[in-house]
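A short worksheet on the structure shown next.
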Amino acid sequence: MSATEASTHLRENPFALAREQLRRVGEAFGVDPDLIGVLSKCKKSVEVSVPVAMDDGRVEVFEGYRVVHNVTRGPAKGGIRYHPGLTHDEVKALAMWMTWKCALMGLPFGGAKGGVVCSPKSLSHSELERLTRRYTTEIINEIGPEKDIPAPDVGTDAQVMAWIFDTYSMNVGHSVLGVVTGKPLAVGGSVGRDGATARGVLYCIRTALQKEGRRFPDTRVAIQGFGTVGRNLARLLAEEGARVVALSDSNGAVINQYGIDVPAAIVHKAEHGTLEALPGTDEASNEELVELECDVLVPAALEQVITADNAPRLKAHMICEAANGPTTPGADEILEDRGILVLPDVLANAGGVVVSYFEWVQGLQEYFWKEYEVNAKLNDIVVRAFEETWSARDRFSTTMRNAAYGIAVQRVAEATTIRGLYP
Ligand code: GLU
């Protein structure tokens, strides 16, 4: 993806949108405006420069960030994103959403996010390692197992987490398992972490279908994005008997209304680096996928793909936000009027941070669980949060987003009030 292409994914300022969502929730749930004022700011934000020796001998200087939105309920938690279109305000919005996500799930964490403006696909393995180690060193005073715990996000993976873990550990002189989550199993990762976000999305869709007396078989699902989340979700849905009718990556979408052969799509993507020309499918654009006739639309890539522009044309019955911030507040109003159920990001994609919490706990205790324990505990937490959100939505006659954010904001507000303002 080129930098120009990448910079187009944010049509509106994401931090302004996140603050607008908070303002609406504060009003709807009667939260003290002074508290909303506190929560609409990020607690701490660092901007660092990351000089990297490139393979060809040049030195390239990248821009990096780590933003902590809130730590009232516990250490800050949130991923690290490598993307050419990343902006500081985007990281702030993502940090705020992590605060709500952790609170909604009842995890003892606040919210953070970080990232480097770079195109990870165009860096060599060793350039990526040097960039990660230098970025980690630049933010080393900000992170730590009791302070702020990074994890994977768009453009980063278990290998990147291993380098963060190693760089931090080498600096303090001993292995610190709790400094980062999403690590490989060989260095203290948790079983089930890789597929955890997708699994949480699956549990949310399943619970929402059950509310309507429906089940997976024959449910038509369109997934936008084929990264860790989109790919694992497609696999899990196919295993459940759902019909995956569309998939996409940054090159475009592939469609088959009778159902895509998902294992074949995974092999095709691994072999060719793209979903293009997947046998048995028709090609379309990402924009066309979003407007496709289906039961469940899952945006699983970047922010702002569902906007006031395309919301009137969406044909999905339900939207499940595997990505963070894929729907703008303008689109939300239209979808609400049209009666389209939206399962919001802080609920739908929280499986990742829930299993990150499990990984952190296992690392601190140096005692590791079995996969069935991880999945069962994940199911308990996500389904409980879903039910709490569903009943708040009924009680306040509001949307799932307002209900989810409302519960989360009230939890953070309560903790803030009980702790009291320092000094
Ligand atoms: N980046 C993921 C998210 O947005 C996971 C964060 C984490 O595990 O800390 O939820």
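In table form, for the structure just shown:
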read-out: Net charge of neighbours whose Cβ lies under 12 Å from the Cβ of ASP148, counting Lys and Arg as +1 and Asp and Glu as -1; value: +4
read-out: The stretch 276-410 shape via C-alpha gyration tensor axes, a/c threshold 1.5; value: oblate
read-out: Helix-derived mean residue ellipticity, 222 nm - over the chain, DSSP H n ≥ 4, -39500 (n - 2.57), to 500; value: -14000 deg cm²/dmol
read-out: Trypsin sites (Lys or Arg not before Pro) within the stretch 322-390: DSSP coil, no more than 15 neighbouring Cβ in 10 Å; value: ARG338, LYS370
read-out: Kirkwood Rh, Cα atoms: Rg over Rh of the chain; value: 0.94
read-out: The chain: relative contact order in percent, alpha carbon pairs under 8 Å with at least 6 residues between; value: 16
read-out: Net +/- balance of residues flanking ARG19 in space, Cβ distance below 11 Å, scoring K and R +1, D and E -1; value: +2
read-out: Overall Cα dimensions of the stretch 193-318, principal axis frame, Å, largest first; value: 40, 34, 28
read-out: 11 Å tail of the calculated P(r), the stretch 365-404, as % of Cα pairs; value: 65
read-out: GluC sites (Glu not before Pro), loop per DSSP, at most 15 other Cβ atoms within 10 Å - longest free stretch of the chain; value: 13-145
read-out: Environment charge of ASP249, counting only residues whose C-beta is closer than 10 Å and scoring Lys/Arg +1, Asp/Glu -1; value: +1
read-out: Spherically averaged projected area of the stretch 90-185 from its Cα convex hull (nm²); value: 6.5
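Coordinate-derived values only; no laboratory data. Not measured: the values here are computed from a predicted model. Cβ sites come from the backbone with ideal geometry, for glycine too, and all protein chains shown count toward neighbours.
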